[in-house]
Amino acid sequence: MLEPFDAVDVIRVKRDGGTVSEAELRWLVDAYTRGYVTDPQMAAFAMAVFLRGMSRDEIRVLTDAMIASGERMSFASLSKVTVDKHSTGGVGDKITLPLAPLVASFGVAVPQLSGRGLGHTGGTLDKLESIPGWRAALTNDELFAQLEDVGAVICAAGSGLAPADKKLYALRDVTGTVNAIPLIASSIMSKKIAEGTDSLVLDVKFGSGAFMQDYEQARELAATMVALGVDSGVRTTALLTDMNTPLGRAIGNANEVRESVEVLAGGGPADVRELTIALASEMLALAGLPDADVARALDGGRAMDTWRRMIRAQGGDPDAQLPLPRETHTILASESGVMTRLDAMSVGVAAWRLGAGRARADDAVVFAAGIDLHVKPGELVQAGQPLMTLSADDAGRFPRAVEALHGAWDIASGADPRTFVSAPLVRDRISEE
Ligand code: URA
């Protein structure tokens, strides 16, 4: 096949701050997927994008080219509208678990094609796999049947969606080019658009435990993704949410499932409930139900019913005992006062070192490993009281986890918890209406 362009020319244009034409960009992505454009050439291009950025049009074309590299699903044959949610990931972020059945309990289809965790943020599939019998892999027929019947599905994304992104993401990971907004936005949105959802709510996190630590950068990422969704005909809204401190009190896998079930029963930590309700309200508004009484669906047991049906449909037993840890280690407060800070990243790294996450894609996670927080920012603690409990299958994991927690919290002695002002969990909302 005679190639219409030369990769070196395309790289030079971006290196010098120019705009790459639509035809060149589409060719580059296709030729890279075919193996004609090499990894070093694509790495140079990714670095040029990292340093020079991309226009809205270039990002749209890049996203579209990555979608075109693989299969494109369609839920048009379903009798329900579909709405999906994507989170950029954070520590203790188990929101998908209560959220999908909650939204589905209103008669909307929620296809959550999810991934496994890598690094300090956990993966939704890892958490659910701690439920005995539950399986992540579904055929397309099973996925459609469950969406029609139960409404909510959380399952593994097939490898056929946006294969160009898979190849490019692995390359970015080893070339210091992950954190470029045009590349992150096109990577996330190519998969979500290829999935074929009618509408999408994005939870874009900022803060120490987030992918984008800086608020302004997270905002730019959110706006870029909303624009991409809108340009592709997917109704898209983004919430910018605080990830400076872990969400909820459970960080791990089995313990996060337990906490999610508490939220589905109308209880659970206030922040997990608040974010679940905020995201569900956005999703239902996009699905045409702006006045849905979301809190009532949690408190009245309707969301829990859908959760139980969703778990059973995928072979899981919602009443089964979840794995318990072999070893625990409790950290006690060394002083009395009000906790004023608890760093999400440190807690995420500690949970990861306990075995709750994986360092390499083929590592196994330990379902019962993780951290349970007894005190969160704004709460009073006395010297000698438990601050948090670490769980693992091997006590040898504790020293390195404790090391990660060094300097992770502040306690102000003599402070009054009533004067503590926590930052708002949902800082902003972006949509293109
Ligand atoms: N998640 C993705 O899928 N892609 C990125 O580039 C970053 C996070």
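The values are calculated or read from the model by the stated rules, or taken from the named source; none is laboratory data. Not measured: the values here are computed from a predicted model. Neighbour counts run over all protein chains shown; Cβ positions are idealised from the backbone, glycine included.
Among the helices (runs of 4 or more DSSP H) confined wholly to segment 266-381, which include 2 or more residues that are within 24 Å of the chain's Cα centre (by Cα) and over 30 Å from Asp173 (Cβ atoms)? Reasoning before the result, please.
Numbers: elements: 270-286, 294-299, 302-313, 344-351.
Answer list for segment 266-381: 270-286, 294-299, 302-313.
Test Lys167 against the stated conditions and say whether it is closer than 22 Å to Leu279 by Cβ, within 13 Å of the ligand (Cβ to nearest atom) and in a helix (DSSP H, G or I). Walk me through how you get there before you give the answer.
Details: closer than 22 Å to Leu279 by Cβ: no; within 13 Å of the ligand (Cβ to nearest atom): yes; in a helix (DSSP H, G or I): yes.
The answer is no for Lys167.
Considering each residue of segment 63-89, count those that are closer than 18 Å to Asp173 by Cβ and not polar (S, T, N, Q), and give that number.
Final tally of qualifying residues: 2.
Return only the number of the condition from (1) more than 9 Å from the ligand (Cβ to nearest atom); (2) part of a helix (DSSP H, G or I) that Ile184 does not satisfy.
(1)
Can you name the number of the only condition in (1) part of a loop (DSSP other than H, G, I, E, B); (2) away from the ligand (no atom under 13 Å from the Cβ) that Ala227 fails?
If we test Ala227 against (1) part of a loop (DSSP other than H, G, I, E, B); (2) away from the ligand (no atom under 13 Å from the Cβ), just (1) comes out false.
Looking only at segment 1-42, count how many residues are within 17 Å of Ala170 (Cβ to Cβ) and outside any helix (DSSP H, G or I).
The total comes to 3.
Could you check Glu195 against (1) at pLDDT 95 or above; (2) acidic (Asp, Glu); (3) within 13 Å of the ligand (Cβ to nearest atom) and say which number it fails?
(1)
Step by step: first the residues of segment 11-35, then only those that are more than 32 Å from the chain's Cα centre (by Cα) and among the aliphatic types (A, V, I, L, M), then the one that is farthest from Met1 (Cα to Cα). Which residue is that?
It comes out as Val13.
So which residues in segment 239-265 are in contact with a strand residue (DSSP E or B) (Cβ under 7 Å, 6 or more places away or on another chain), part of a loop (DSSP other than H, G, I, E, B) and more than 24 Å from Tyr215 (Cα to Cα), if there are any at all?
Scanning segment 239-265 gives a single hit, Asn253.
Looking only at segment 133-142, decide whether some residue is outside any helix (DSSP H, G or I), within 16 Å of the ligand (Cβ to nearest atom) and among the hydrophobic types (A, V, I, L, M, F, W, C). Show your work before the answer.
As a first pass, look at segment 133-142 and keep what is outside any helix (DSSP H, G or I): 133-139.
Those still in the list that are within 16 Å of the ligand (Cβ to nearest atom) too: none.
No, there is no match, as no residue in segment 133-142 is outside any helix (DSSP H, G or I), within 16 Å of the ligand (Cβ to nearest atom) and among the hydrophobic types (A, V, I, L, M, F, W, C).
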